Amino acid sequence: MKDTALIVIDVQNGIDEAAHWGGNRNNPNAEENIVLLLQAWQDKALPIVIVQHCSVSPTSPFRPGYRGNDLKDIVKPFVSENIYRKSTANAFIGTRLQQTLEAQGIKELVITGFVTNNSVEATARMAGEMGFKTTVVPDATAAFDKMAIDGTKYTSHQVHTLSLSNLQGEYASIRTTADVLTSLTI
């Protein structure tokens with residue numbers, strides 16, 4: 001397991017600004033599951049990577065200098081030298097994440113965070129294409145309602161499920177927090 005890193009994406013105060021994201025959010029317990037995973041990784045001295053979105057958009061809740069850019073308190077105790085600041089959805093773009101993971105001999109990634117159909121999916125796709133064995137934790141991620149280009153409104157659950165379905169098999173495996181925690185004890 002020493003070659004498995006936990007990636008925590010965009011767990012920032014701005015995620016609580018539901019109006020920006022389209023309203024209703026699924027998985028209200030995602031943060032609790034993220035904390036369980038962070039604690040398990042810390043207890044086993046496994047690598048933890050925190051990703052912080054620093055948007056270049058002046059209206060984004062993740063823009064630097066705005067309170068929404070700050071990491072949520074639940075993540076702060078786990079921040080180390082492995083924090084990566086990005087300005088795109090994909091945590092590999094414009095960061096040294098890939099180089100660091102490869103230098104540390106990391107072969108597997110467990111991805112959590114926000115938003116499922118945005119940064120989580122973009123990062124998981126890239127990780128899978130780079131050859132990392134990638135797992136996305138569905139109950140430690142969340143999505144928001146989304147309006148389609150034809151005006152159809154999709155619920156956060158639908159958006160979340162479709163995004164995970166896009167990843168399943170080709171780019172990543174989808175495993176619950178309980179499944180991931182069980183595999184750490186084997």
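Screening GLN39 against (1) modelled with pLDDT of 95 or more; (2) closer than 27 Å to ASP179 by Cβ; (3) in contact with a Pro (Cβ under 8 Å, 6 or more places away or on another chain) leaves a single unmet condition, (3).
Quick grid of which residues meet (1) among the small types (Gly, Ala, Ser); (2) at pLDDT 95 or above:
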| residue | (1), (2) |
| --- | --- |
| ALA127 | yes, yes |
| PHE132 | no, yes |
| VAL137 | no, yes |
| MET147 | no, no |
| SER156 | yes, yes |
| THR176 | no, yes |
| LEU181 | no, yes |
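Scanning the stretch 122-161 for residues that are among the β-branched types (Val, Ile, Thr), closer than 25 Å to ASN29 by Cβ and open to solvent by 30 Å² or more (accessible area, probe 1.4 Å) yields THR155, THR161.
Between ILE111, ILE50, ILE93, the distinction of being touching a helix residue (DSSP H, G or I) at 6+ places or on another chain (Cβ under 9 Å), farther than 26 Å from ASN26 by Cα, of a type outside the set (Asp, Glu) and modelled with pLDDT of 95 or more belongs to ILE93 only.
Within the stretch 154-177, residues that are over 18 Å from ILE34 (Cα atoms) and free of Cβ contacts under 8 Å to residues at least 40 places away in the same chain sit with their Cβ atoms under 6 Å from residues that are open to solvent by 20 Å² or more (accessible area, probe 1.4 Å) and β-branched (Val, Ile, Thr), at 6+ positions apart or across chains, in these pairs: GLN168/ILE174. For the stretch 48-68, a residue qualifies if it is over 15 Å from the mean Cα position of the chain (by Cα) and open to solvent by less than 50 Å² (accessible area, probe 1.4 Å), and the qualifying residues are SER55, SER57, SER60, PRO61, GLY68. Of everything in the stretch 15-39, what is within 19 Å of ILE111 (Cα to Cα), open to solvent by 40 Å² or more (accessible area, probe 1.4 Å) and among the aliphatic types (A, V, I, L, M)? Give them in sequence order. Listed by number, the list holds a single entry, LEU36.
The values are calculated or read from the model by the stated rules, or taken from the named source; none is laboratory data. Please read these numbers as outputs of a predicted model, since none were measured by experiment. As a convention, Cβ positions derive from the backbone with ideal geometry for all residues, glycine included, and neighbour counts pool all protein chains shown. The protein model used for the area step is the full one, side chains on, heavy atoms only, and it has no ligands, DNA or RNA in it. Shrake-Rupley method; radii C 1.70, N 1.55, O 1.52, S 1.80 Å.
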